[in-house]
């Protein structure tokens, strides 16, 4: 087949066909499109058009498209259906992890109404149970669709079970092996089942070496476990090790990307996940908190400097090097805190042996501080600034660099110790506090030496 | 099985057993451990111990452990083997993508020597070919291990082929369907093969709707393709659409994480990938370039301020609000550039319609600027600073915020247009240039108004 590019031209043509209700052409087009592509077209349709296009898709594709939609588009779209329709046309056919994502965006009342219309009571109970787990835990990430076989069966019985469950489980990642009480025993690959004789007992070919996690494990741990062991799916068990679901790698990929974006935005001083295409007011609100922190920091700096206005009047040159001191304090602080935050996020460091880390960071900063101070002194000799001032600035620079390194290292480690997200300590927060302390140190040294 | 935790205690015990050459205990332990766990133990072993432990593992595990090791640990480890041993004991048994990773870390001469010892000439030719692709392209990420079947075959022939290739292909992601000329036609899932009758022609059950990419596609595109379409493996074709390899999701997960870490470090002003555990000199060198840029920026600021020393002497209060102006210019610049850089990385924006984006960014900044200036004026009324100064600072703040937003938006878009990594424009670079321009604007406004 030729690959279809979803560009402006394609979308325009598609919308024109929707407008003309050319259902035959559209059905054929939709069959060739992936849910992720249809999602992009949906972003451009109005409610009535979207409902019409949905009616042209088969059930599997319809629910996959719904799962792909952005929450706000999905909310708007579902307004075209009442609770009963939502339950019967969508939720009951969805993978449970996707269904829970949709349900959790509804009000509690709507969600329980939708659930009451689901004909299969077991399914509706399972979804109710999943809804209780927080978003960023294994329980919130997992789905119930999996193939499991009893350890006492043979390959033929196992194949029969896969046939029975095949309708419900679209993509088979691994076949899980459980005992009579549904306790996880191990796994067996489809390849092994395919290549084994029909009479072979599962007990002979399954692998009891299996990674699993409990429902309450947090998303970060799930992601690093799956990344470390190159897993495509991870079985999730309850406290009695009974198999209740699985997390798949595609959800983990999304999770990893979202977490990385969040850290990046935190470091940039943006307080919530935003995109360029969000509305002006949303963008503005996401950015304002850090700006106001910066503003307060700036006002506090002005008060600190105000204490030294005598020194400033005598040596106006001192003011000239304030930006240098501030910039260096900020840069060093961000560098130090980022290395720590990233190390904590990747679990390559733990928060014990704090003194070892502080010592190392101080050594790195001492080297860099000495290099920078030496360059500055060299510049001072050729610049025509007074030697006294340049000496003060160089000494203050070294002191500020060392202090900024200590703060940049210690603050995220301390936050982590108290179970607060250390990423809070990167970006504007560390820059602002280092500005303040750096300037104070600078003027104190100036006051003492001049 | 009980899950084994690789903690300090476990490692100490393990090393003691290595010391005592307790091969029976060690063999049993190694069988229960995943390659990613053994990798962690290897980080603690010396060369002679590592070679001994390697001799206790079966071939599959041995090569997987080698693939897991960090490049520097691997380099040290391979010094325990000559080129012939490296070829026969490791490379020839490795997945081709892992083998290429190892070979690319050797000198060109060593690599070609190792390749000459590989008995299977076809394999050694394929590896030579893979070595030519850059690291961050599909060619550099892909491996050749895959199951492919001819579209003319039936299910029984297909099963036979899987049996033949099973030894070589450890994990079957998808079965690819090709024609007589090896041109990719589509795919069929193991589930479908398992559930179909033996005589069923593959042509009846395969799916011709398949995503693929060419060898030269870059890693970012591969990652976003696999993420968007929830793919576990992506077939890679040459210019004639002949199937030559596949990229698997575990490599893409690593790629996504590495890229995110790189962007994060760029934003923090760290010029290369470093970790807390790297040596002091490495850490120092990675951070020095941006510090020196900050230093030069600071010196340039001092020159700019020097031009206004008349104004400063007259109004020392002007100096008090320099930090505020600088901090806000820096924060706004980092926020604007980060949103753009992240949008470009996630392909949610393209670099056309530059003016639309600039306009939106200006609007967001105008709102935030007005809010911040209003707060500052309010503070001015109660702070006892002169009203003239506070008016100057508030007006300058608004002007600087707008200018910083323009620079923060325009610079990464411009870099992207010229095919330079826009992430270069985040962090210290944007902060430093905004400091300079912001201060200049501040003093100009002060000079005109006071």
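What follows draws every value from the coordinates through simple rules; no lab data is involved. Keep in mind it's a predicted model, so treat the numbers as computed, not measured. Here the Cβ is made from the backbone with ideal geometry for all residues, glycine too, and neighbour counts use every protein chain on show.
Given a Förster radius of 35 Å and the C-beta distance between residue B:377 and residue A:424 as r, what FRET efficiency does 1/(1 + (r/R0)^6) yield to the nearest 0.05?
Values: r = 30 Å, r/R0 = 0.85.
Between residue B:377 and residue A:424 the formula returns 0.75.
In whole Å, how far is the Cα centre of region B:33-94 from that of region B:349-418?
56 Å
Simple spin-label model, 7 Å along Cα-to-Cβ: residue A:240 to residue A:358 in nm?
With each label point 7 Å from Cα toward Cβ, the separation is 5.0 nm.
Under a 10 Å cutoff between Cα atoms, tell me which one of B:229, B:206, B:173 has the largest fluctuation in the Gaussian network model of chain B.
B:229
In nm, one decimal, shortest first: how far is the label point of residue B:370 (7 Å from Cα along Cα to beta carbon) from the matching points in the other copies?
Those label-point separations list as 5.4 nm.
Measure nothing fancy, just the Cα-based angle from helix A:428-449's long axis to the longest principal axis of chain A, in degrees from 0 to 90, nearest 10.
10 degrees
Helix B:8-19 versus the longest principal axis of chain B: what is the Cα-based angle in degrees, 0 to 90, to the nearest 10?
With rounding to tens, the tilt is 40 degrees.
On full extension of the chain, what length is gained from residue A:168 through residue A:314, given 0.36 nm per residue of separation minus the C-alpha to C-alpha distance? Write out the running numbers ahead of the final one.
Values: separation 146, 0.36 × 146 = 52.56 nm, distance 8.12 nm.
Difference between extended and current length: 44.4 nm.
Going 7 Å from Cα along the Cα-Cβ axis for the label, what nanometre distances separate residue B:207 from the same residue across the other copies?
2.4
If you average over every viewing direction, what projected area does the convex hull of the Cα atoms of region B:311-426 give, in nm²? Mind dumping the intermediate values first?
Details: hull surface 31.6 nm².
Directional mean of the projected Cα hull area for region B:311-426 stands at 7.9 nm².
Under 19 Å from a point placed 7 Å out from the Cα of residue B:307 along the Cα-to-Cβ direction: which residues of region A:306-342 have their backbone N that close?
A:317-324
Ordered shortest first, which distances in nm separate the 7 Å Cα→C-beta label point of residue B:171 from those of the other copies?
Values, ascending and in nm: 1.4.
For residue A:107, project a label point 7 Å along Cα to C-beta. Then give me every residue of region A:74-96 with its amide nitrogen under 16 Å of that point.
Label zone hits: A:75-76, A:78-84.
Between 0 and 90 degrees, rounded to the nearest ten: what's the tilt of helix B:155-166 against the longest Cα principal axis of chain B?
80 degrees
If you build the Cα gyration tensor of region A:8-141 and take the root of 5 times each eigenvalue, what three semi-axes come out, in whole angstrom, biggest first?
Semi-axes, largest first: 29, 15, 13 Å.
Rounded to two decimals, what is the ratio between the C-alpha radius of gyration of chain B and 2.2 N^0.38 Å? It would help to have the intermediate numbers written out before the result.
Details: Rg = 29.9 Å, N = 450, 2.2 N^0.38 = 22.4 Å.
Here the answer is 1.33, to two decimals.
For a quick check, take a GNM of chain A with Cα springs below 10 Å and name the residue from A:305, A:401, A:202 with the largest mean-square fluctuation.
Among A:305, A:401, A:202, the largest mean-square fluctuation in the Gaussian network model of chain A belongs to A:305.
For region B:147-247, give me the percentage of DSSP beta bridges that are antiparallel, rounded to the nearest 5 percent. Provide the component values of the computation, followed by the final result.
Working: 11 of 17 bridges.
Bridges in region B:147-247 that DSSP calls antiparallel: roughly 65 percent.
Can you compute the modelled spin-label distance between residue A:58 and residue B:282, with each label point 7 Å from Cα toward Cβ, in nm?
The two pseudo-label positions are separated by 5.3 nm.
For chain B, give the share of DSSP beta bridges that are antiparallel, in percent and rounded to the nearest 5; count only bridges with both residues there.
Working: 14 of 20 bridges.
Close to 70 percent.
How large is the Kirkwood hydrodynamic radius of the protein assembly as shown, in angstrom, based on all distinct alpha carbon pairs? Display every interim value, and only then the final one.
Details: mean 1/r = 0.0326 Å⁻¹.
Here the Kirkwood hydrodynamic radius works out to 30.7 Å.
Build a GNM of chain A with springs between Cα atoms under 10 Å: which of A:425, A:410, A:374 gets the top mean-square fluctuation?
Checking each option, the largest mean-square fluctuation is seen for A:374.
State the antiparallel share, in %, of DSSP beta bridges confined to the protein assembly as shown, rounding to the nearest 5. Don't skip to the answer; put the middle values down first.
Working: 28 of 40 bridges.
The answer is about 70 percent antiparallel.
How high is the FRET efficiency from residue A:9 to residue B:46, r the C-beta distance, R0 51 Å, rounded to 0.05? Don't skip to the end; give the middle numbers.
Working: r = 63 Å, r/R0 = 1.23.
Calculated transfer efficiency: 0.20.
If each DSSP helix of 4+ residues adds -39,500 (n - 2.57) and the sum is divided by the residues in chain B, what number results at 222 nm, nearest 500 deg cm²/dmol?
Values: 22 runs with 287 residues, N = 450.
Computed mean residue ellipticity for chain B: -20000 deg cm²/dmol.
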